[in-house]
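Each remark here refers to the structure printed beneath this line.
The values are calculated or read from the model by the stated rules, or taken from the named source; none is laboratory data. Since this is a predicted model, take the numbers as computed values, not measurements. Note that each Cβ is placed from the backbone with ideal geometry, even for glycine, and that neighbours are counted across all protein chains shown. We work out accessible area using only protein heavy atoms, side chains counted, and drop any ligands, DNA or RNA first. Shrake-Rupley method; radii C 1.70, N 1.55, O 1.52, S 1.80 Å.
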Amino acid sequence: KMSSGAADLRQRKKQNCTESDKMAPEERNKENLKLGRSPKYMLIQRFAKLFFGCLAAVTSGMMYAVYLSTYHERKFWFSSRQELEREITFQGDSAIYYSFYKELLKAPSFERGVYELTHNNKTISLRTINAVQQMTLYPELIASVLYQASGSEEVIEPVYFYIGIVFGLQGIYVTALFVTSWVMSGTWLAGMLTVAWFIINRTDTTRIDYSIPSRENWALPYFACQVAALTGYLKKNLNCSAEKFCYLLVNASTYTFMMMWEYSHYLLFVQAVSLFLLDSFALAQTEKVHEVYRIYLFSLIGGYLLQFENSALLVSPLLSLVVALMLSKSLQMNMKKSAFVSRLLKIMYIYLVLTVAVTLNFLLKMFIPHKENEHLLKFIEVKLGLNTTKNFTMNWLLCQESLQAPSQDFFLRLTQSSLLPFYILVLIICLFSVTQVIFRRICGEPLKETVKLEDGRIGERPEIVYHVIHTILLGCLAMCLEGMKYLWTPYVCMLAAFGVCSPELWMTLFKWLRLKAVHPILLALILSMAVPTIIGFSLWKEFFPRIMTELTELQEFYDPDTVELMTWIKRQAPVAAVFAGSPQLMGVIKLCTGWMVSSLPLYNDDDLLKRNENIYQIYSKRSAEDIYKILTSYKANFLVIEDSICNEVGPVRGCRVKDLLDIANGHVVCEEGDNYAYSKYGRFCHEIKMNYSPYVNYFTRVYWNRSYFVYKINTVISFQS
């Protein structure tokens, strides 16, 4: 029964494809004859529209990539810097990613370089790690292959090639958003407005300014391509060749996205929930939605195999949801289709899927050994107020700006650029229209095969409904965590631009208002051109001078103290030395010198998180002996103390590193509502600078400047006072 049902489904799809291919030209020819236009004239017009739209999309992407490159040069003076000074601009986890790219290029062969990364024992002391799996280094593998295979060694320096690829991907990101808005609205004017809003709100749409090698800067362009292809794939009355192209592009971009970012399956889970809701209300072709589910399934399996059997993908909520959806649909198809059972299944479908998904995920986590980050679950508990903790790592994460609720400045910036008001307007109109469509479906009214402009039913277009649900879900996440705004704001730009440029949206509004004085179709067409044009001119007048000022202003990023520290390490420290200090500084030391370190700024490994907490004790109120035991347990030879952390004066007192350590160590006493730090030992980073016993017995200062103090950890302890 299943095989015959599947065959019938495929046969219907083929028939629908061929029928739409045959009917579309006939309908267009009849319409053209009524308007007195020849088919040849219409073909030329369509080709011209497509050509200039594609040209505008590609040009927008290229100009954005050039803009990023120019801004980066003006900010860091990259071309006039020495290699060491350039590398210092990579901070935190960015430094680690770029350091492995350097190691791949230095390896005698690509195969040898990959082997050394998968069996890496030269980065973290006392640990051999698979860096490719743990840090998702597939972007660096691809970049190194392209650099060597293209013969770019004699043409361009490795760092320029690396950041050039990232800037190029950002250009593709913008192009994909342009195309998505164009496909939805039917006019590339929407794409131009999307790009304008994206660039003007760059502070809230991308992290490219702060962290070029971060995984999301490599991955999100592929997700944007997937969303663009999915938008086209969900459209009704799509001809066969276009549908196949969109299907293949969804396949390729979904898998690539999953390989580029370790958290990609969570974002795909949000997308899958959007498609699930779309299908539950029968607002899209079920077979298309289930084809996308199969793409998720194959991408998860492929990712699991190529990511060294990454068990996190097997216990991911995406896999559980997709399997539950497919099982529930199979059960629904195989049951006898009586009217009562059919209605009952529709009512129970959502409950059944959620129950199966939660149960399956629980069972998978029970039987599949995995290293899922438990600290993430604890973080969610504390964030939601379900628990409290004194744990240093948890409180440190809660203090990060990206993991806090968005500030008022964020909404103010979106309002000043007119993005937020238009997004809310478009969202309200679309939501009301979708609600009307759902109510009609409940009442048994079928969806129209083709929605015409005069119908004013924008909520019947599946691709529009998908984007409405998707932006609402991402928006809910962005309201909880500011870091999620980089996922939400780009699609806010796209949806708002589509709305103001879409005659269908204006027509939907006029249908409700029941305009009679002016012809609604004519007014909708006029507004869909006039409103975006007015917005565009106002944005040009207000923001274009600011953007040009950014590009003409010569900024200077120079950190002489860090340069001096790295130079001293390369000249004076033994090759086998192990350095200890804050994880962010250790990442820079690893990149600039190649020396082994005791910790890294990575937060997906419980052992590394514990290391970071232990080594941060150098800024706590603990004894010299305690600190010495901690450092020697990791085979550290040198300790680097940063004056900026030791004497930190943060805007939020309880979020300074030393405050969090005092809370975790129980060195805080509460009296009459005020917190006081108390311990029988002074703060280690202050006391060690005094050069008295017992600190000089364990540590010997070997270098210092205004920002850093370097101490050699003594192997033979002298207890002379």
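Residue under question is Phe281, and the condition is that it be open to solvent by 10 Å² or more (accessible area, probe 1.4 Å), assigned by the TED database to the domain that holds Phe223 and either on the phi > 0 side of the Ramachandran plot or modelled with pLDDT under 95 (or both); does it hold?
For Phe281, the condition - open to solvent by 10 Å² or more (accessible area, probe 1.4 Å), assigned by the TED database to the domain that holds Phe223 and either on the phi > 0 side of the Ramachandran plot or modelled with pLDDT under 95 (or both) - is met.
Against the conditions (1) part of a loop (DSSP other than H, G, I, E, B); (2) open to solvent by less than 10 Å² (accessible area, probe 1.4 Å), where does Glu262 fall short? Just the number, please.
Result: Glu262 fails condition (2) only.
Considering (1) in contact (Cβ under 8 Å) with a residue 60 or more places away in the chain; (2) surrounded by 15 or more Cβ atoms within 10 Å (Cβ to Cβ); (3) over 25 Å from Asp643 (Cβ atoms), say which one Ser538 fails and leave the rest.
(2)
Could you check how many residues of the range 99-114 are within 13 Å of Lys590 (Cα to Cα) and open to solvent by 10 Å² or more (accessible area, probe 1.4 Å)?
2
Quick check: is even one residue across the range 101-122 touching a Lys or Arg at 6+ places or on another chain (Cβ under 7 Å) and either acidic (Asp, Glu) or in contact (Cβ under 8 Å) with a residue 60 or more places away in the chain (or both)?
No, the conditions are met nowhere in the range 101-122.
Can you name the residue in the range 548-564 that is assigned to a helix (DSSP H, G or I) and in contact with a helix residue (DSSP H, G or I) (Cβ under 7 Å, 6 or more places away or on another chain) and is also surrounded by the most Cβ atoms within 10 Å (Cβ to Cβ) among such residues?
Pass one, the range 548-564, residues assigned to a helix (DSSP H, G or I): 548-552, 560-564.
Filter once more, so that each one left must be in contact with a helix residue (DSSP H, G or I) (Cβ under 7 Å, 6 or more places away or on another chain): 550-551, 562-563.
Working: Glu550: 15, Leu551: 11, Thr562: 21, Val563: 16.
This residue is Thr562.
Go through (1) within 18 Å of Tyr486 (Cα to Cα); (2) at pLDDT below 90 for Val227 and report which single condition fails.
In the conditions (1) within 18 Å of Tyr486 (Cα to Cα); (2) at pLDDT below 90, Val227 misses (2) alone.
Under 7 Å between Cβ atoms, which residue pairs at least 6 apart in sequence (or on different chains) link something in the range 392-413 that is over 21 Å from Leu661 (Cα atoms) with a partner that is crowded, with 19+ Cβ neighbours inside 10 Å?
Between residues of the range 392-413 that are over 21 Å from Leu661 (Cα atoms) and residues that are crowded, with 19+ Cβ neighbours inside 10 Å, the close pairs are Pro406/Ala478; Pro406/Lys485; Phe410/Asp204; Phe410/Lys485; Phe411/Leu420; Arg413/Asn201; Arg413/Asp204.
List the helices (runs of 4 or more DSSP H) inside the range 115-203, counting only whole elements, that have at least 1 residues being in the same structural domain as Ile464 (by the TED database), at pLDDT 95 or above and crowded, with 17+ Cβ neighbours inside 10 Å.
Filter on the range 115-203 gives 158-185, 188-200.
Is at least one residue of the range 98-111 among the basic types (Lys, Arg), under 25 Å from the mean Cα position of the chain (by Cα) and closer than 30 Å to Ser311 by Cα? Explain how you work it out, then say what you get.
The initial filter retains those residues of the range 98-111 that are among the basic types (Lys, Arg), namely 102, 106.
Keeping just the survivors that are under 25 Å from the mean Cα position of the chain (by Cα) gives 102.
With closer than 30 Å to Ser311 by Cα added as a condition, the list becomes 102.
Yes, the range 98-111 contains a residue that is among the basic types (Lys, Arg), under 25 Å from the mean Cα position of the chain (by Cα) and closer than 30 Å to Ser311 by Cα.
For the range 654-678, what are the residues that are at pLDDT below 85 and surrounded by fewer than 16 Cβ atoms within 10 Å (Cβ to Cβ)?
Result: Gly654, Val669, Cys670, Glu671, Glu672, Gly673, Asp674, Asn675, Tyr676, Tyr678.
Would you be able to tell me the number of residues in the range 680-711 that are outside any strand (DSSP E or B) and hydrophobic (A, V, I, L, M, F, W, C)?
5
Do you know which residues across the range 556-605 are out of contact with any strand residue (DSSP E or B) (no Cβ under 7 Å at 6 or more places or on another chain) and among the aliphatic types (A, V, I, L, M)?
Listed by number, the residues that qualify are Val563, Met566, Ile569, Val575, Ala576, Val588, Leu591, Leu602.
Kindly state which helices (runs of 4 or more DSSP H) lie completely within the range 27-109 and contain at least 3 residues that are of a type in the set (Asp, Glu) and either outside the structural domain of Ser582 (by the TED database) or modelled with pLDDT of 95 or more (or both).
Output list reads 83-88.
From the list Ala149, Ala131, Ala176, exactly one residue is free of Cβ contacts under 8 Å to residues at least 60 places away in the same chain and under 20 Å from the mean Cα position of the chain (by Cα). Which is it?
Ala176
Of all residues in the range 295-314, which are open to solvent by 30 Å² or more (accessible area, probe 1.4 Å) and on the phi < 0 side of the Ramachandran plot?
If the condition is that a residue be open to solvent by 30 Å² or more (accessible area, probe 1.4 Å) and on the phi < 0 side of the Ramachandran plot, then Leu297, Phe298, Ile301, Tyr304, Leu305, Leu306, Asn310, Ala312, Leu314 are the ones that fit.
Name the residue that is nearest to Lys541 (Cα to Cα), counting only residues in the range 394-427 that are of a type in the set (Ser, Thr, Tyr) and out of contact with any Phe, Trp or Tyr (no Cβ under 8 Å at 6 or more places or on another chain).
Ser418
Inside the range 425-477, can you point out the residues that are among the polar types (S, T, N, Q) and in a helix (DSSP H, G or I)?
Ser433, Thr435, Gln436, Thr471
Out of the helices (runs of 4 or more DSSP H) lying entirely within the range 316-424, which hold 3 or more residues that are at pLDDT 85 or above?
The helices (runs of 4 or more DSSP H) meeting that bar are 317-334, 339-367, 392-399, 408-416.
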